[in-house]
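The values are calculated or read from the model by the stated rules, or taken from the named source; none is laboratory data. Predicted model, so just to flag it, every value in this text is computed and none were measured. Ideal geometry is used to build each Cβ from the backbone, glycine not excepted, and the neighbour counts take in all protein chains shown.
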Amino acid sequence: MASPILVKEKKLLDVKLGELPSWILMWDVTPQGTSGVFQRSYYQYYKYVHVEKGGVVGISVVLAHSVLFS
C-alpha cells in the first residue's frame, strides 16, 4: 500500500485543480519561508545554468525568464 502524498509536498504539475486553493494556502509566507524560496530558486538556477563568468548571456537568460513568466 502506497503512502499518500501530502498536498503541501506535491509539485505544481502534480496538484489537481480542486487541490490548488489548499496547496496555495499552505505556502510559508513568513520572511524565513520567503527567503528559503529565493535561496532554492537561486541554487536551481545555478544548478542548470552554471554561469562561471558574468556576461550578456546570463543577463539575457534572466530577462528572458522574466518576460516569459510575467
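Structure notes:
- Condition check for residue 29: modelled with pLDDT of 75 or more, loosely packed, with under 10 Cβ neighbours inside 10 Å and aliphatic (A, V, I, L, M): yes
- Tally, over the range 34-59, of residues that are farther than 30 Å from residue 24 by Cα and modelled with pLDDT of 80 or more: 0
- Yes/no for residue 20 being over 24 Å from residue 65 (Cα atoms) and either over 13 Å from the mean Cα position of the chain (by Cα) or at pLDDT below 75 (or both): no
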